[in-house]
Amino acid sequence: ENVDPQKTAFLLRKAWTLYSVTPLYRFHRARLRDYARLLSAFIAAEKQKGLAVEVGVELDVKVVVSSLADLRGSEQDQAAVLVQLSLRSQASSRNSEDKLVWSGWFCSVYGDDLSENVPEDFTCLPLFLTHGAESYTSMVGSWFQKTFDCCFRRLAISPLNLSWMVAMWAGCKLDRAASAVELVFSVPRLSQPLDISYAIHPEDAKALWDTIQKTPGEITQEEVDVFMDCLYAHFHRHFKIHLSAAKLVKISTAVVSAHCDGIVKILQSQYLPGALMLLTELAISQIQ
Amino acid sequence: HIATSLPLPSERDHFRPRIDLIVFMIDIKSKYSLKNVEASLAHVDASFFLGKVCFLVTGVGRVNACSIETNAVCKLGEAYCSPVLFCELELEGIRVATAQRLLRMLQICAGHIPGVSALSFVSLMRTFDDD
C-alpha cells in the first residue's frame, strides 16, 4: 500500500495498453536475470527471422526484468514484475545511453479472487500494461506464453465500467489546475462515424457527485446510474440528444483517463493503487 | 406491429386488432433503451402481465459494449413477473432461434395451443429461472 512515489513515477502520465494474463506456470522470482537473457536471445532470433522492428542499423535489444516490491495491494498479491527493452547502439558501447523503447509490467492489486483458487505452481499477475511498439509487445507476449504457458488478451473496458470510473474519480479532491471531466461518445449506426465530446467543469462534476454519494469511500451502482443520468439529462436539455443511446468510448478526469479499447493513463500517484485495483478486477473477470 | 415507445397513438385504436403479446426490446448497448422501456411499462394494462409480456435483451454477444447491468434487467423481469430472454441479433442462428421462440410464445398467448394458457406457460418459465 505504501508505494514510494519516486519508484512509481515512471508509471504516471503514460498511455498504457491493457491486457489480462492467465496465471504463469513455474515463474520464479529468483530467475529474473535468466529470464531477461532468454527473452533477449528470443528477440534477437525473431529479428533475424525478418520480424525486425528497426530498419537499417542493427541495434542490440537489451532486456531488463525486475521486481517492483512495493507495487501490490494485499500481502497475498505477488509483487509487480517490470520488463524493459532498450536499444543499445553498437557504435559507442561504453558511453552511449541506452534508449528505452518499450516497457511492460505485470501486476496484481487485491487480486485475491484469482490467487485464492489457483494451485501452487502458478503465479497470479492478471494485469499486464504495455507502452511502446506493438511489435515488441507481441514478441514479449509470445515469449511469456511459450515459457509460462499463459494467455494474453486485450482488456476492453465496457461503457458500464467507464461510467463507474468517471463517478469514482470525478469526485476526487481537486488541486488548483484540475482539468475538465470529459466524456467521449461514439454514435452508432451512422454512415459517417460521429463522436460527441462532453466536457464538464471539474468543480461542477465534483459538486454533483458529492450530492449523490451517501457514504464517503463507498460507491454503489445506483449512485453511478444517478450521476450519469444527471449528466445525460443536462446534455439532453441543451442539445436534444440522448447520450444514453450512444456508446461511451473514452473518459478523462484529473486522475485517470481511459479508453474502451483498454488504454489508460494514470495522472496522480495517490490514486495509482485505487486505479490498479479496479483494473486488476476487470482483468480477473475477463480471465474467469 | 412495431412501436418505438408506448402508449400507441390513440387515433388508430379502433383499427387495431387484439394484442396478444408485448415484447419489450432492450439493447444492452443503450441505456436509453432501458429507460424507454421502463417509461413505456407504465402505459401497459395490468392484465398483460399475466403472461403476455416478455423482455428481450439484444446485443449480448458484445460483452465489452455493455452499457446496462444485466442484473438490472433481471430485476425488471422479476418486478413485472415476466420472462427475460437474451439474444444476439447479429448472429443469424440465434436470431432465427429467438424468432421461433417468440412465435411459439405468441401462439400460446393467442390461445392457439390447446391446454396451455399464457399464464400457465409463464409460471413454467418462472420456476425454471428460479433454479
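The values are calculated or read from the model by the stated rules, or taken from the named source; none is laboratory data. Quantities reported herein were computed from a predicted structural model and do not represent experimental measurements. Using ideal geometry, Cβ is built from the backbone for each residue, glycine included, and neighbour counts are taken over all protein chains shown. Keep in mind that these areas ignore ligands, DNA and RNA; they rest on the heavy atoms of the full protein, side chains included. Shrake-Rupley method; radii C 1.70, N 1.55, O 1.52, S 1.80 Å.
One table, with the values for the structure above:
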| quantity | calculated |
| --- | --- |
| First in region A:38-50 and aromatic (Phe, Trp, Tyr), second anywhere and surrounded by 15 or more Cβ atoms within 10 Å (Cβ to Cβ), Cβ under 8 Å, 6 or more apart | A:PHE42/A:MET139; A:PHE42/A:TRP143 |
| Those residues of region A:246-265 which are more than 16 Å from A:ALA199 (Cα to Cα) and either more than 13 Å from chain B (Cβ to nearest Cβ) or out of contact with any strand residue (DSSP E or B) (no Cβ under 8 Å at 6 or more places or on another chain) (or both), in sequence order | A:ILE263, A:VAL264, A:LYS265 |
| Single residue of A:ASP204, A:ASP225 found to be within 13 Å of another protein chain (Cβ to nearest Cβ) and in a helix (DSSP H, G or I) | A:ASP225 |
| Among (1) open to solvent by less than 40 Å² (accessible area, probe 1.4 Å); (2) among the β-branched types (Val, Ile, Thr); (3) closer than 24 Å to B:LEU106 by Cβ, the one test that B:ILE68 misses | (3) |
| Region B:1-37, subset more than 12 Å from chain A (Cβ to nearest Cβ) and in a helix (DSSP H, G or I), residue least open to solvent (accessible area, probe 1.4 Å) | B:VAL37 |
| Single match in A:GLY171, A:GLY132 (criterion: at positive phi and touching a residue at least 24 places away in the same chain (Cβ under 8 Å)) | A:GLY132 |
| Filter pass, A:ALA233 being of a type in the set (A, V, I, L, M) and over 23 Å from A:LEU279 (Cα atoms) | yes |
| Hey, A:LYS250 open to solvent by 70 Å² or more (accessible area, probe 1.4 Å), touching a residue at least 60 places away in the same chain (Cβ under 8 Å), under 17 Å from A:LEU11 (Cβ atoms) and not polar (S, T, N, Q) or not | no |
| Test: residue in region B:91-110 that is closer than 30 Å to A:GLN286 by Cβ, assigned to a loop (DSSP other than H, G, I, E, B) and within 14 Å of chain A (Cβ to nearest Cβ) | no |
| Test: B:LEU56 is within 14 Å of another protein chain (Cβ to nearest Cβ), out of contact with any Ser or Thr (no Cβ under 6 Å at 6 or more places or on another chain) and among the aliphatic types (A, V, I, L, M) | no |
